[in-house]
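Below is one structure, written out as structure tokens; comments come after it.
The values are calculated or read from the model by the stated rules, or taken from the named source; none is laboratory data. Since we're looking at a predicted model, the values are computed, not measured. Heads up, the Cβs are rebuilt from the backbone with ideal geometry, glycines too, and the neighbour counts pull from every protein chain shown. For accessibility, only protein heavy atoms count, side chains too; no ligands or nucleic acids. Shrake-Rupley method; radii C 1.70, N 1.55, O 1.52, S 1.80 Å.
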Amino acid sequence: MKVLVPVKRVIDYNVKVRVKSDESGVDLANVKMSMNPFDEISVEEAVRLKEKGAVEEIVVVSIGPQQAQETLRTALAMGADRGILVKTDDTVEPLAVAKILKGVVEEESPNLVILGKQAIDDDSNQTGQMLAALLDWPQATFASEVVLEDGKATVTREIDGGLQTLALETPAIVTTDLRLNEPRYASLPNIMKAKKKPIDEKAPGDYGVETAARLSVVKVTEPPQREAGEKVEDVAELVSKLKSKGAL
Amino acid sequence: MAVLVIADHDNESLFDATHKTVTAAQAFGGDIDVLVAGKDAGAVAEAAGKIDGVRKVLHAEGEAYEKQLAEAMEALIVPLMDGYDAVFAPATTMGKNCMPRVAAKLDVMQISDISGIEGTDTFERPIYAGNAIMTVKSSDAKKVVTVRGTSFDAAGEGGSASVETIDAPAGPFKSAFVEEKIVQSDRPELTSAKRVVSGGRALGSKEEFDRLIVPLADKLGAAVGASRAAVDAGYAPNDYQVGQTGKIVAPEVYFAIGISGAIQHLAGMKDSKVIVAINKDEEAPIFQVADYGLVADLFNAVPELTDAL
Ligand SMILES: Cc1cc2nc3c(=O)[nH]c(=O)nc-3n(C[C@H](O)[C@H](O)[C@H](O)COP(=O)(O)OP(=O)(O)OC[C@H]3O[C@@H](n4cnc5c(N)ncnc54)[C@H](O)[C@@H]3O)c2cc1C
Ligand SMILES: Cc1cc2nc3c(=O)[nH]c(=O)nc-3n(C[C@H](O)[C@H](O)[C@H](O)COP(=O)(O)OP(=O)(O)OC[C@H]3O[C@@H](n4cnc5c(N)ncnc54)[C@H](O)[C@@H]3O)c2cc1C
């Protein structure tokens, strides 16, 4: 079995973003960038499947600028075997990302593609589902457990009311949720080893994909700010304040 | 113009998220039809016909629709889109799961989790855990949209739209439903509850969570929520998680108990009308958004509060 894991370079989850004063976007200059946390979970899952012997090879792919190579190196240090950088300096929307990934899938023929359920910058939550549709593959989104057996993937999903289990024929798409696993930190020797692992460089054009945006950003603004309220002394004061506010 | 709204339901009752999505579709404009895809979901189709502003209900039945499997929903919705300019679904796990497939097949970019509408091609949506609001304009001919429930009021129920039965593709599909573990509870549903009581890591165990948070919620007739830390530690089930990557809530009053107020948590509750925080650390960031903050040990304050109500 071969697994493909797309990884996205995003603003680090600890950074509180600032909206630019000209409302053109958020200020990304000099902010810390990291692998999308859900993608770390995807890489970890692939590595665990490999450690269990269910998977032979893990290929990671990122679509983005030259620096996305660092994100690929992180994934290689966690245990992926090789990387593909589809280099572009444009902002690529999920639909175009999915089309590029379709091209990669056609070249690599993985049995499973594991993506994050959402990227924490744009919070779109669509790339994996779009890829599944473009390939006419089955999907299991928001996974909290993945079992590979006899060419089938049995996936437990976090849904609104609780948990749901689906059985998928492979090849299939899985998107990861928070409870799937706890990603490892790469060890220093593995970081050194990762430097020698191969990364192929490609362009969106190699897959015949046009990345022109369908959505244009009119503006990016600050949400309404909430003011800190008051501190209450004790429970009795809290209850009386809530009552007078009509909140109880 | 015409808009297709995808109903979210469990074959017995129609979820409130559907009514909110209809309100968003009304702001977009045009005739509104609601698709109810399910199994033995006749009562749900009837209920959808009662939503104000609905022209007609399309009712599709089949095994694969009992759990609204994504592939089946794609196969059902895509051909219907010949007759519509837009398709709107709630940004529930159903909508998030199914709609991007429809968008990809129509070759359009989905506009996810909208919080506002400024015309037939321009939408507002929160990004970066709600720390920025992006206004986007779509150049696609057809719009595929998911709707953030807390940003739109539920449409009323005074309508009497007709229900039309339509054929649904029967497969075979490459995924199959195995089982579901749904927690049955008499408590209000988290995303539409008027009151929410959430507990965090400070509770320390499932036993303490159940001993302190649950009775307070019961006293208030509130839904129970949790921080990611509390869910990860097993104090509460996964579907209780409030936040950027969990559920978005905006109740009349939200109690954050032993929750520090990380941006990912705030993203899920900062539109609540009144926020109450109980935390023993007076510097906790949750106090920066709380209307009423009580600096106290929750193990004393919560039982006291429950008794006082
Ligand atoms: C402030 C701001 C301004 C923007 N401006 C523009 C603009 O001017 N024009 C424009 O077209 N778009 C713009 N965008 C949109 C944006 O760049 C992308 O469309 C969006 O980041 C992709 O959605 P997502 O990553 O949230 O997808 P999701 O569907 O949430 O991502 C899910 C998963 O898909 C995979 N994935 C996604 N992207 C990649 C990738 N690049 N490489 C590898 N795997 C990936 C990962 O596994 C990820 O976990 C803007 C966004 C922001 C926040
Ligand atoms: C990709 C990603 C997505 C995430 N998504 C979410 C999400 O959707 N929702 C979410 O909630 N988090 C999310 N998080 C996690 C988030 O960053 C925080 O780690 C989490 O919210 C912390 O939970 P907490 O407030 O319960 O715990 P802590 O931050 O540990 O806070 C516990 C608080 O309890 C207080 N306390 C301790 N003892 C007592 C006592 N006896 N009485 C009163 N107060 C006490 C402490 O002062 C502290 O403020 C996400 C993180 C990542 C990386």
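Tabulated results
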| item | result |
| --- | --- |
| Filter result for A:Leu178 (over 20 Å from A:Gln66 (Cα atoms) and under 22 Å from the mean Cα position of the chain (by Cα)) | yes |
| Test: residue in the range A:223-245 that is facing another protein chain (nearest Cβ under 10 Å), outside any loop (DSSP other than H, G, I, E, B) and at positive phi | no |
| Scope the range A:138-166; condition open to solvent by 20 Å² or more (accessible area, probe 1.4 Å), more than 17 Å from B:Lys96 (Cα to Cα) and at the interface with another protein chain (Cβ under 10 Å from one of its Cβ atoms); matching residues | A:Lys152, A:Thr154 |
| Top-ranked residue of the range A:111-127 - restricted to ones that are buried (at least 20 other Cβ atoms within 10 Å of the Cβ) and more than 7 Å from ligand 1 (Cβ to nearest atom), ranked as farthest from the other protein chains (Cβ to nearest Cβ) | A:Ile114 |
| Pick from the range B:197-226, criterion assigned to a loop (DSSP other than H, G, I, E, B) and not hydrophobic (A, V, I, L, M, F, W, C), ranking: farthest from ligand 1 (Cβ to nearest atom) | B:Gly221 |
| Flag for A:Glu210 being away from ligand 1 (no atom under 16 Å from the Cβ) and closer than 26 Å to A:Val7 by Cα | no |
| Exclusive hit being open to solvent by less than 10 Å² (accessible area, probe 1.4 Å) and touching a strand residue (DSSP E or B) at 6+ places or on another chain (Cβ under 6 Å), set B:Ala104, B:Ala155, B:Ala72, B:Ala89 | B:Ala89 |
| Single condition B:Ser162 does not satisfy, out of (1) in the same structural domain as B:Ala91 (by TED's automatic domain parsing); (2) open to solvent by less than 50 Å² (accessible area, probe 1.4 Å) | (2) |
| Test: residue in the range B:274-297 that is within 16 Å of ligand 1 (Cβ to nearest atom), of a type outside the set (Val, Ile, Thr), assigned by TED's automatic domain parsing to the domain that holds B:Gly199 and open to solvent by 10 Å² or more (accessible area, probe 1.4 Å) | no |
| First in the range B:232-251 and free of Cβ contacts under 8 Å to residues at least 12 places away in the same chain, second anywhere and part of a loop (DSSP other than H, G, I, E, B) and within 8 Å of ligand 2 (Cβ to nearest atom), Cβ under 9 Å, 6 or more apart | B:Asn238/B:Gly246 |
| B:Leu35 in contact (Cβ under 8 Å) with a residue 12 or more places away in the chain, closer than 25 Å to A:Ile173 by Cβ, touching a helix residue (DSSP H, G or I) at 6+ places or on another chain (Cβ under 8 Å) and not in a helix (DSSP H, G or I) | yes |
| Top-ranked residue of the range B:239-275 - restricted to ones that are under 19 Å from the mean Cα position of the chain (by Cα) and within 14 Å of B:Arg201 (Cα to Cα), ranked as nearest to the other protein chains (Cβ to nearest Cβ) | B:Gln241 |
| Residue check for B:Ser227: near ligand 2 (Cβ under 6 Å from one of its atoms) and either open to solvent by 30 Å² or more (accessible area, probe 1.4 Å) or not acidic (Asp, Glu) (or both) | yes |
| Residue within the range B:144-165 that is charged (D, E, K, R), farther than 27 Å from A:Ile100 by Cβ and assigned to a strand (DSSP E or B) present | yes |
